[in-house]
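Have a look at the structure below, then the notes.
The values are calculated or read from the model by the stated rules, or taken from the named source; none is laboratory data. Note that this is a predicted model, so its numbers are computed, not measured. Heads up, the Cβs are rebuilt from the backbone with ideal geometry, glycines too, and the neighbour counts pull from every protein chain shown. The area values use the complete protein model at the heavy-atom level, side chains included, leaving out ligands, DNA and RNA. Shrake-Rupley method; radii C 1.70, N 1.55, O 1.52, S 1.80 Å.
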Amino acid sequence: MVAAAPDGVNTCEYHLKAVFVDLRESWRIRDVEIPTRLVLAPMAGVSVQAFRRQGRRFGAGLVCSEMVSCAGIEHRNERTLGYLRVAGDEHPLAIQIFGSEPRAMAEAAKLVEAAGADLVDINFGCPVRKVTKTGAGATLLAEPARACAIVEAVASAVDVPVSVKMRRGLRDGARTCLEVGPRLVEAGAATLTLHPRSAQQMYTGTADHALTAELVSLVDVPVIASGDITSRARAQTVLATTGAAAVMVGRGAQGNPWILREIVDGDGRDPTREEVVAELVLFIRETVRELGERRASGFLKKFYSWYLGHGRFPRPFKQELVVLDSTVAVERLLIAAAPGALPLLERLEAELPGGEEVLLGLPISVYGGG
Ligand SMILES: Cc1cc2nc3c(=O)[nH]c(=O)nc-3n(C[C@H](O)[C@H](O)[C@H](O)COP(=O)(O)O)c2cc1C
């Protein structure tokens, strides 16, 4: 157990050098076995199937879809339904839904379960106006009765476990998650993920994992700690000082799957240029298969900077890639810059499990997430 931290003090800062925690340990959310204590975060506009499958390969024990609109599911919006495609090699997978009506959320959850998700995750964290103005996302933290009704309706509609992802509250300094969290568990949540920033904070400031520790002490379900996990030391410290079952990595994994390997296994070796190019080209190919060339070419541009940053390639090279309008041209330039990537790429492709489902023409969400 974790000692309670003084108010406002981030326990994790105390113990940065402290502890060894085995991230390769498996844990469970009810019947779902999660092979490592690392979860890949849901990120709108990022967490496509290719991202999730890559995350599993690099050591994430659980991966999550980006948030999917319950209204879109209810109206059988073809684009929204595209988000519910599950590949054979991404289990265990959580599909996240957002909405404000218990009945509609329950119906959406049934479809998510039928699609093959191992968990239905509910978004009570999204701070973006487009979502909060509909009464969904983080605003539900200010409406605990409705939030509980949603969890109860969803939990009774599906057999798979239901999880909830939330922020600390709406306003800076809020501790709402500590009041609402236990009620959500009573309503049927089998696990809680806490991103301990307020909705008002968006992504500024730091995640206060002293709150995560408090939440862990209040509930008897596993808690996942999200926010600012960017190294193995940080992951181990947060796990040890909060008692969380797992840590979640979001922005740190953008264009950098190697961070997952580092966090889980302590393998902090920087990837070679050839490895970076092979992984990026594979990601491009998988994303094109998933989204189609037209959507993928726009969607992928941010990934070029993410992958080629970290001092891996000079800035002018990234700029050259971003202006190209076909992914084939991007691939060509990448391979020309690191020809040794080709055999690595062939090996990666040969090792990918076959038979996974892919879908052309998926949409990319414009939402900003949680
Ligand atoms: C671009 C982006 C999109 C996000 N989309 C979602 C989302 O769809 N659902 C959600 O619950 N959280 C979303 N988040 C929040 C992350 O899951 C995570 O909680 C947050 O980024 C803090 O973790 P980090 O410091 O590791 O990035 C998003 C974050 C980012 C940066």
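This table checks each residue for (1) assigned to a helix (DSSP H, G or I); (2) open to solvent by less than 10 Å² (accessible area, probe 1.4 Å); (3) touching a strand residue (DSSP E or B) at 6+ places or on another chain (Cβ under 8 Å); (4) among the charged types (D, E, K, R).
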{"site": "Val131", "(1), (2), (3), (4)": "yes, yes, yes, no"}
{"site": "Thr134", "(1), (2), (3), (4)": "no, no, no, no"}
{"site": "Ala138", "(1), (2), (3), (4)": "yes, yes, yes, no"}
{"site": "Ala147", "(1), (2), (3), (4)": "yes, yes, yes, no"}
{"site": "Ala153", "(1), (2), (3), (4)": "yes, no, no, no"}
{"site": "Ser156", "(1), (2), (3), (4)": "yes, no, no, no"}
{"site": "Val160", "(1), (2), (3), (4)": "no, no, yes, no"}
Task: Residues of the range 140-162 satisfying the condition of being over 15 Å from Arg183 (Cα atoms) and under 20 Å from the mean Cα position of the chain (by Cα) - done: Val160, Pro161
Task: Subset of the range 178-232 [away from the ligand (no atom under 15 Å from the Cβ), closer than 30 Å to Gly266 by Cα and of a type outside the set (Val, Ile, Thr)] - done: Ala190, Ala210, Ala213, Glu214, Ser217, Asp220, Pro222
Open item on the list: Tell me whether the range 172-185 contains one or more residues that are within 13 Å of Asp228 (Cα to Cα), part of a helix (DSSP H, G or I) and either open to solvent by 10 Å² or more (accessible area, probe 1.4 Å) or of a type outside the set (Ser, Thr, Tyr) (or both).
Closed with: no
TODO: Mind listing just one residue for me: the one in the range 317-336 that is under 14 Å from Lys301 (Cβ atoms) and free of Cβ contacts under 8 Å to residues at least 12 places away in the same chain and, of those, least open to solvent (accessible area, probe 1.4 Å)?
DONE: Ala329
Open item on the list: List the helices (runs of 4 or more DSSP H) inside the range 216-310, counting only whole elements, that have at least 2 residues being within 17 Å of Leu344 (Cβ to Cβ) and out of contact with any strand residue (DSSP E or B) (no Cβ under 9 Å at 6 or more places or on another chain).
Closed with: 258-265, 273-291, 301-308
Open item on the list: Restricting to the range 203-236, name every residue that is open to solvent by less than 10 Å² (accessible area, probe 1.4 Å) and free of Cβ contacts under 8 Å to residues at least 24 places away in the same chain.
Closed with: Ala207
TODO: Determine whether Arg146 is of a type in the set (D, E, K, R) and either within 14 Å of the ligand (Cβ to nearest atom) or farther than 18 Å from Ala71 by Cβ (or both).
DONE: no
Task: Failed item, numbered, when Gly135 is tested on (1) over 21 Å from Asp31 (Cβ atoms); (2) within 16 Å of the ligand (Cβ to nearest atom); (3) modelled with pLDDT of 95 or more - done: (2)
Task: Any hit, the range 38-47, residues being surrounded by 22 or more Cβ atoms within 10 Å (Cβ to Cβ), modelled with pLDDT of 95 or more and away from the ligand (no atom under 12 Å from the Cβ) - done: no
Open item on the list: Going by what's in this entry, would Ala115 be described as within 30 Å of Ala233 (Cβ to Cβ) and either among the β-branched types (Val, Ile, Thr) or open to solvent by 10 Å² or more (accessible area, probe 1.4 Å) (or both)?
Closed with: no
- [ ] Tell me, yes or no, whether the range 337-345 has at least one residue that is surrounded by fewer than 18 Cβ atoms within 10 Å (Cβ to Cβ) and at pLDDT below 95.
- [x] no
TODO: Might you let me know whether the range 90-103 holds any residue that is more than 23 Å from Met202 (Cα to Cα), within 14 Å of the ligand (Cβ to nearest atom) and at pLDDT below 95?
DONE: no
Open item on the list: I'm checking my understanding of the structure. Among residues of the range 73-101 that are within 14 Å of the chain's Cα centre (by Cα) and aliphatic (A, V, I, L, M), which one is nearest to Arg52 (Cα to Cα)?
Closed with: Leu93
